[in-house]
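The values are calculated or read from the model by the stated rules, or taken from the named source; none is laboratory data. Note that the coordinates shown come from a computational prediction; the quantities given were computed from them, not determined experimentally. For neighbour counting, all protein chains shown are included, and Cβ atoms are generated from backbone atoms with ideal geometry for every residue, glycine included. We work out accessible area using only protein heavy atoms, side chains counted, and drop any ligands, DNA or RNA first. Shrake-Rupley method; radii C 1.70, N 1.55, O 1.52, S 1.80 Å.
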Amino acid sequence: MRVAVIGTGFGRRVVAPTYRATEGCEVVEVVTARDDDAVRVAISRSDVDLVSVHSPPYLHAAHVRAALASGKAVLCDKPFALDAREAAALEAEAAQAGVVALCNFEFRYAPARVRLREIVRDGVLGRVEHVQWIHVSSGSRVPMRPWGWLFDRSLGGGWIGAWASHAVDQLRHGLSTEHSAPRLTLFGSEAVVDVVNDERIVTRRSNGEREKVDIGAGEASDRHFEPMRRFAAVVRDAVHSGEIPAGAPTFSDGRACDAVLDRLRAEPFATDVASD
């Protein structure tokens, strides 16, 4: 699978190296999202199978549409679009184009979150009754730029766009059927499950039994690399076969997530002031 990566931030730092390290993948070009000519040339290359869009969210629609117009498979980062209406339009256009179209919710493939979904679907928790999520973060890289789309809600950033999109997808996908480390706690009718820092899972059952599973932190310095590595193989196989496997995040998932983000940004739920 030959890939053109759009975006020289996360795209160059995490995504391109991950594709290069994935068997059967080749990165043919990495271009800045802000050079329209470079983007157009990269997308139109005859040797490109997949356009991997990791531009700022306010540019996603233009870049996705250019990829669809060229008949290329496309992977678009999150948040998928600026709002649910734009997301729905992109979803419909991708369906009409008939190409593989995926959304980059790579943390679906983090080992701890894969195991958590299995616990939920196996019925260990019983009925999920409450979810508590604690997350402490200062950003995904050091040093951060002093200003940019990531800190501007109108451009698709802010805390809701940048982080809550992953949280919403985890809740939708996983639950369907430094005061502390990041912690996701699920309270069920039969058990409570703690996922600590995506490295340890502790299950406490109503009968007093306790099970602890250590996933490990992995060797990569950036926590995106391991789930992105696993997802890259899924993307490769989908592009080769033309079939999207069950559980792979699609534009439909991106649209559903954006609908939730729209609600979070609306009164009385808006809590994004600190990021504006």
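What the table below lists for this structure:
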| quantity | calculated |
| --- | --- |
| Selection count where residues are in a strand (DSSP E or B) and in contact with a His (Cβ under 7 Å, 6 or more places away or on another chain), scope the range 75-106 | 1 |
| Pair list, Cβ under 6 Å, 6 or more apart: the range 153-168 residue within 15 Å of LEU82 (Cβ to Cβ), other residue part of a helix (DSSP H, G or I) and at pLDDT below 80 | LEU155/TRP149; GLY157/TRP149; GLY157/LEU150; GLY157/PHE151; GLY158/SER275; ALA162/LEU150 |
| Residue that is nearest to the chain's Cα centre (by Cα) [pool: residues in the range 4-47 that are over 22 Å from ARG223 (Cα atoms) and in a strand (DSSP E or B)] | ALA4 |
| Among the residues listed as SER180, SER140, SER176, the single one being in contact with a His (Cβ under 8 Å, 6 or more places away or on another chain), modelled with pLDDT under 80 and either open to solvent by 30 Å² or more (accessible area, probe 1.4 Å) or of a type outside the set (A, V, I, L, M, F, W, C) (or both) | SER140 |
| Qualifying positions in the range 241-264 - assigned to a helix (DSSP H, G or I) and charged (D, E, K, R) | ASP253, ARG255, ASP258, ASP262, ARG263 |
| Which numbered condition TRP147 fails, given (1) of a type in the set (A, V, I, L, M, F, W, C); (2) over 28 Å from VAL192 (Cα atoms); (3) at pLDDT 80 or above | (3) |
| The range 82-102: number of residues that are over 20 Å from GLU26 (Cα atoms) and either open to solvent by 10 Å² or more (accessible area, probe 1.4 Å) or out of contact with any Phe, Trp or Tyr (no Cβ under 9 Å at 6 or more places or on another chain) (or both) | 14 |
| Checklist (1) open to solvent by 50 Å² or more (accessible area, probe 1.4 Å); (2) at pLDDT 95 or above applied to ARG34, failing item | (2) |
| Count of residues meeting criterion [open to solvent by 50 Å² or more (accessible area, probe 1.4 Å), more than 26 Å from SER189 (Cα to Cα) and in a helix (DSSP H, G or I)] in the range 107-136 | 0 |
| Candidate set: the range 183-217, residues that are in contact with a Ser or Thr (Cβ under 6 Å, 6 or more places away or on another chain) and in a strand (DSSP E or B); chosen: the one surrounded by the most Cβ atoms within 10 Å (Cβ to Cβ) | VAL193 |
